[in-house]
Structures are given as C-alpha cells and as structure tokens.
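See structure below.
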Amino acid sequence: MKRLLPIFILFFLSCNLFEDDSPSSQKLIYVYEYNNPDRSRGRELHIIDIHGNSKKMLEDENNFLSAVDISADGNTVYYRMNTGKLMEVDINGNNKKEIEIDDKYNVMRDGFFHYSNRVLIAGQLEAGGDSTDIGIYDLESHKITNLTKGRGRGYNAQPYISPDDSKIVFISIEWGINNFGLYTVDSTGENFMHIATELGPAYMPQFSPDGSKILFEVLSTDEKGGIYIINSDGTGLLPLVTHDTCSYLLNWSVRNSFSADGKTVVYRAGCNESGTTIGTIDVDGSNKWIFNNKDDKWFNVNQYPVISPDGKYVVFVGLYEDGFDLIRLRVYGDDIKNLTKNDNPNDSHWWPWFVPN
C-alpha cells in the first residue's frame, strides 16, 4: 500500500493540473464599470488572477478610467482620467499620483506610452503648428523631444515603442484623401522610415516582445483587409489572416496581441452577422484557430482578447447572460470559464491586460 501511495498522489495532481493548470501568479488588470440607479456611475481598476480571484485596486467614481498601461516590471499601472489627466498607481492600488504634462501639448488618448521615466505621446507639439506629432516627454526635466517634426502625412498617431526603447512605430494619415502610412523612427528622432506598402488604412501597430517584428491591422473591406506582420526593418511583409468569409481585427483597446514568447498572435474574427469570435495564429502564418462558439449563451460580442503569459489561455470580454464579463478560454480547445460573473446587467468589465511576470 505504501508503494501505491506516491502513484495515487501523482494521479491526483495530474488530474488537477489537467483541469486548470495555469499558476495563480498570472494576473490581469481590468476596468470594472458600474452603472446602477442606486449609485453614481463610475469605473474601478481591478486585478484578477487566471482562476477568477479578484480584488479592487482603485476606485475613481465619476472620473472614468481609460487607456490602461502597465510598466515592463509589472509594478506600476498608468491610466487616463476623463479630465485628460494622466495618472499612475502601484500594482497594489497605492501611491496614486498625477503624471504632469504641460497642457499645451494636447496629448491624445491613443498616444500615451510610459517607459523609463518618460512618456511617449502624440499631440500638437509645435506652437502654432497644425500637424500632430510623436514626441518623448521627460518627466524629470519636463522637456519634450519632437521625433516627427511635421514629417509623415500630417496626422501622426498610435505610437508604440520597441522593448529596448530604441524605435517607435506609428501610423500617419493625410486627412481628406484617406491616405494612410506605417512609419518608424528612432527614439532619438533619426532614421525616419516608411515601412509598409500601400495596402490600405493601417491601424494599431505593435512590436513583438523581442522587437524584431511589427504587427498591424489593415482596415479595408476588400481582400487586402486583415492582419499583417512585417520585420521591423521593413522587410518580409506577411499577411497572417486576410478577409475571406470572416473579417479580422486586432485588439483596439490595449495593443498586446502577442503571446509572451512572440510566437502567437490573438485577434477578433467577425465570421457572421451576429457578432465576433476569437482566434489565434502563429507569426509564420501556421496553426490558425478560431473558437467555434457552440453554446449560444456565449453570445455575439467577443472582444479585447489577450493571451496568458504561459500561452495556454485567451482572456476576452464577452457578452454573457448578464452583461459584459471577462471570459477565459483555453487555446485550441473549448474549456470556458466566466472569471467575473456579472450580477448586474448594467455593469461591465473592460480591457483586460496581463501583468508582466
């Protein structure tokens, strides 16, 4: 009997691991929005682990939280108020403070990226100018370095910085003629380069975790529309998924569509008139997978997908029975769990973002 005991223990552990084998150390930040007649409308910043254990980090009541970002070490969360203020708070919800940027720069909502005591911003950076530029704002000296200086197509937006802080990718638009381009520039302002061919309106560029590739979306209704990847030097353009019977989109709320190892991309797929589902594909174009929703309670609006650091799960916002919840789905499978279990159909859970390990 003593000889059999280790076998029983191993069997028990293997069953538990198979059922739910991601460590609880994998955590997500998300925004909980409440809208109840008995209390004021507002948003709270919450943290939740991969198994659904949640706690409130920060309550902000009437000043809505948006544009959440997380430091590379996972210790600090950055967000924007509806007043335009940029804020930071530590991962435990303490040490809340404002990130002070001169109001004259008119920082855009989709142009906020914090790193190394600096902020990457998009806005009107030149006095009297009519172009929107990309710049780096130093939080200690309160000085700004304009990286684009009117170059591009007039409206430069959606900047994203490489993991080593050396290069920025962004979109540039010439309004009125629907002229879009994808560009990179060094964080010193040098080596300004147009990197993608004219496929159509390019959106939501992001670097891979090692900085070698750039993922972006082409917003077009024809066969060119879809998700593309390109080397950061502008070579090797590859369509990952392009519109066929489905339309394919990236996560527009937080640009973290790569798995932690950079091998897989998660996306939204609109495959019928009733709504969207979730899919993944490897960066070489192989292993395309789309979640086939067999249960109609997991209904028509599935969005904002992110991949767990271990690559085993996708977490997304799904329109469930009682409102928008965070749904956990095993990649390549149908193991589904509602992490937030919304009790009030007027409340919602938005914009999950995995905390870096």
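The values are calculated or read from the model by the stated rules, or taken from the named source; none is laboratory data. Because the structure is a prediction, the values reported are computed rather than measured. Please note: Cβ atoms are built from the backbone with ideal geometry, for glycine as well, and neighbour counts cover all protein chains shown.
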Report task. Looking only at region 78-91, count how many residues are surrounded by fewer than 17 Cβ atoms within 10 Å (Cβ to Cβ) and not in a strand (DSSP E or B). Result -> 4
Requested in this report: Exactly one condition in (1) crowded, with 16+ Cβ neighbours inside 10 Å; (2) at pLDDT 70 or above; (3) outside any strand (DSSP E or B) is not met by Ser22; state its number.
Outcome: (2)
Query raised in the report: How many residues are surrounded by fewer than 18 Cβ atoms within 10 Å (Cβ to Cβ) and either in contact with a Gly (Cβ under 6 Å, 6 or more places away or on another chain) or at pLDDT below 90 (or both) if we restrict to region 156-175?
Result: 5
Requested in this report: For region 327-338, state whether one or more residues are over 23 Å from Lys27 (Cα atoms), modelled with pLDDT under 80 and loosely packed, with under 14 Cβ neighbours inside 10 Å.
Outcome: no
Query raised in the report: In region 273-326, which residues are over 30 Å from Lys213 (Cα atoms) and either at pLDDT 85 or above or among the basic types (Lys, Arg) (or both)?
Result: Lys294, Lys297, Phe324, Asp325
Query raised in the report: Can Ser54 be described as over 18 Å from the mean Cα position of the chain (by Cα) and either modelled with pLDDT under 70 or loosely packed, with under 12 Cβ neighbours inside 10 Å (or both)?
Result: no
Query raised in the report: With respect to Trp350, is the statement that it is touching a strand residue (DSSP E or B) at 6+ places or on another chain (Cβ under 8 Å), surrounded by fewer than 20 Cβ atoms within 10 Å (Cβ to Cβ) and at pLDDT 85 or above true?
Result: yes
Query raised in the report: What is the number of the single condition among (1) surrounded by fewer than 13 Cβ atoms within 10 Å (Cβ to Cβ); (2) at pLDDT below 80 that Asn75 does not meet?
Result: (2)
